[in-house]
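Have a look at the structure below before the remarks.
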Amino acid sequence: MLTCDDDGPWHFRAIEGTLPDGRAALVIWRNRPGGDDAEGIARDNAVLDAWFRQEGFQEGDRRFEVVYVNGDQNLERCARAEDTWTVRMIEADFHRLMFAQELGR
């Protein structure tokens, strides 16, 4: 069994909040001990999926419209038919916003 507690190799930090446009957001930052090879990414993503479900981020009033996650992920697989949230990669949005003015956007 893969563990995702502070004593194991995987660590997660989550912040719940509201975006300026009023949408409920969840930001997840995690370490990725698997590195960048396909097997490591797959294992890191499996642990992320298990941790997401374990934390109950889809239950009751803990529903989000946008979920931000660092690194490659496949969190959308956790979505149920009634879920409407989208997942955004932190690095992609950061890069886009960081250089938007330079690119004339």
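Shown here is the pair-distance distribution of the range 43-87: with all Cα-Cα distances grouped in 10 Å bins from zero up to the longest one, the shares run 25, 63, 11 percent.
Remark: the range 12-98 carries a charge dipole of roughly 120 debye about the Cα centre, counting +1 on each Lys and Arg Cβ and -1 on each Asp and Glu Cβ. As a rough guide to protection, the peptides 85-92, 69-76, 13-20 ranked by mean Cβ packing within 10 Å, highest first, stand as 69-76, 85-92, 13-20.
Where a number appears in this text, it was derived from the coordinates with a stated rule and is not lab data. Only a predicted model underlies this, so the values are computations on that prediction, with no experimental measurement involved. Cβ atoms come from the backbone with ideal geometry, glycine included; neighbour counts cover every protein chain shown.
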